[in-house]
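Visitor: Have a look at this one.
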Amino acid sequence: MKPESARSSSLSQRAYEMLKKKIVALELPPGSIIDETVLREELGIGRTPIREALQRLALEKLVVIVPRRGTFVSDVRLSDLQHLAEVRLTLEALAARLAAQRGTADHWRRMEAVLSRAPWNEPVTDNEQWIEIDQECHFIIYEATHNVYLQDILSMLYALSLRLWYYALSEIGDMREAIREHERILHALRSGDGDQAAQLLQRHIRAFHEKIQKVMLAVPSV
């Protein structure tokens, strides 16, 4: 790869990561138009890397590119939650079974270290730290499958689910029990019990989606 191509790829990745974070955390709200000129000024990145990043985000269902109209942040719909649940319940269970078979002691040490950061005895002021712990635990499980296709798909689905989580965050409340569930999942994975890990992970995801569904059903505009 030529140096200029490498630089362009690096800028595209940077634009992708920054835009994805803004969309998932609702800094760019659902349905809003994405102004490329504003982004270029804000991120200090040229037009081409930003457009490459937007193409990737369109493939991941986070933005919609409408010819001659512009690029919009994807809307948040109750049907999205239902469809994500259908897919995640199946694929996360598959990931748990594969991770129990293929995961290494290093994976489970890393997951244990992530869980050790949980501020169990501190008052809950916001859920950001808990969200970060949840995400890292899931991503370690995905990595432990040693299946890059499954890892990529689940990472994409997690980002879509996380955006819905942010949407309902103010109503969700304390996330301690959700993180406690990861301790039980870790124990099953470490023991090589794929079926138990799969059941626990499905219960974890189902509870998450049910909480968000209650919030979304209470919002008439969704």
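The values are calculated or read from the model by the stated rules, or taken from the named source; none is laboratory data. Since the model is a prediction, treat every value here as computed from it, not as a measurement. Glycine also receives a Cβ, built like all others from the backbone with ideal geometry; neighbour counts cover every protein chain displayed.
Visitor: Can you tell which of Ala113, Ala15, Ala100, Ala85 is part of a helix (DSSP H, G or I), aliphatic (A, V, I, L, M) and under 17 Å from the mean Cα position of the chain (by Cα)?
Guide: Ala85
Visitor: Is there a residue in region 171-182 that is under 16 Å from Ala93 (Cα atoms) and under 19 Å from the mean Cα position of the chain (by Cα)? Quick ask: steps written out before the conclusion?
Guide: Going through region 171-182, the residues under 16 Å from Ala93 (Cα atoms) turn out to be 181-182.
Among the residues that remain, those that are also under 19 Å from the mean Cα position of the chain (by Cα) are: 181-182.
There is at least one residue in region 171-182 that is under 16 Å from Ala93 (Cα atoms) and under 19 Å from the mean Cα position of the chain (by Cα).
Visitor: Does any residue in region 71-89 that is farther than 27 Å from Glu52 by Cα and modelled with pLDDT of 95 or more come within less than 6 Å, Cβ to Cβ, of a residue that is of a type outside the set (A, V, I, L, M) and surrounded by 13 or more Cβ atoms within 10 Å (Cβ to Cβ) six or more places away or on a different chain, and which pairs are these?
Guide: Listed by first residue and then by second, the contacts come to Leu89/Gln202.
Visitor: Being in contact (Cβ under 8 Å) with a residue 40 or more places away in the chain and either hydrophobic (A, V, I, L, M, F, W, C) or in a loop (DSSP other than H, G, I, E, B) (or both) is the filter here, so list the residues in region 41-70 that pass it.
Guide: So in region 41-70, the residues in contact (Cβ under 8 Å) with a residue 40 or more places away in the chain come out as 48-49, 52-53, 56-57, 60-63.
Correct list: Ala53, Leu57, Glu60, Lys61, Leu62, Val63.
Visitor: Based on what the data block shows, is Ser116 within 23 Å of Ile212 (Cβ to Cβ), out of contact with any Gly (no Cβ under 7 Å at 6 or more places or on another chain) and either at pLDDT below 90 or among the hydroxyl-bearing types (Ser, Thr, Tyr) (or both)? Outline the logic, then answer.
Guide: On the way: within 23 Å of Ile212 (Cβ to Cβ): no; out of contact with any Gly (no Cβ under 7 Å at 6 or more places or on another chain): yes; either at pLDDT below 90 or among the hydroxyl-bearing types (Ser, Thr, Tyr) (or both): yes.
So Ser116 does not fit the description; no.
Visitor: Moving on. Which residue, of Ala25, Ala113, is without any contact (Cβ under 8 Å) to a residue 24 or more places away in the chain and either out of contact with any Phe, Trp or Tyr (no Cβ under 8 Å at 6 or more places or on another chain) or not assigned by TED's automatic domain parsing to the domain that holds Arg184 (or both)? Talk me through it step by step, then tell me what you get.
Guide: Numbers: Ala25 fails: without any contact (Cβ under 8 Å) to a residue 24 or more places away in the chain.
It is Ala113.
Visitor: Taking Gln151, is it assigned to a helix (DSSP H, G or I) and modelled with pLDDT of 95 or more?
Guide: On the way: assigned to a helix (DSSP H, G or I): yes; modelled with pLDDT of 95 or more: yes.
The answer is yes for Gln151.
Visitor: Which of the residues belonging to region 149-192 are closer than 22 Å to Lys20 by Cα and among the acidic types (Asp, Glu)?
Guide: In the first step, residues of region 149-192 are kept if they are closer than 22 Å to Lys20 by Cα; the result is 149-170.
Matches in region 149-192: Asp152 only.
Visitor: Quickly run through region 1-13 and pick out the residues that are surrounded by fewer than 16 Cβ atoms within 10 Å (Cβ to Cβ) and either of a type outside the set (D, E, K, R) or at pLDDT 85 or above (or both).
Guide: Narrowing region 1-13 to residues surrounded by fewer than 16 Cβ atoms within 10 Å (Cβ to Cβ): 1-7, 9-10, 13.
The answer is Met1, Pro3, Ser5, Ala6, Ser9, Ser10, Gln13.
Visitor: May I ask you to list the residues in region 180-222 that are at pLDDT below 95 and loosely packed, with under 15 Cβ neighbours inside 10 Å?
Guide: If the condition is that a residue be at pLDDT below 95 and loosely packed, with under 15 Cβ neighbours inside 10 Å, then Arg180, Arg206, Ala207, Glu210, Lys214, Leu217, Ala218, Val219, Pro220, Ser221 are the ones that fit.
Visitor: Check Leu94, Leu57 and return the single one that is surrounded by 15 or more Cβ atoms within 10 Å (Cβ to Cβ), under 30 Å from Ala218 (Cβ atoms) and at pLDDT 95 or above.
Guide: Values: Leu94 fails: under 30 Å from Ala218 (Cβ atoms).
Criteria check complete, one pass: Leu57.
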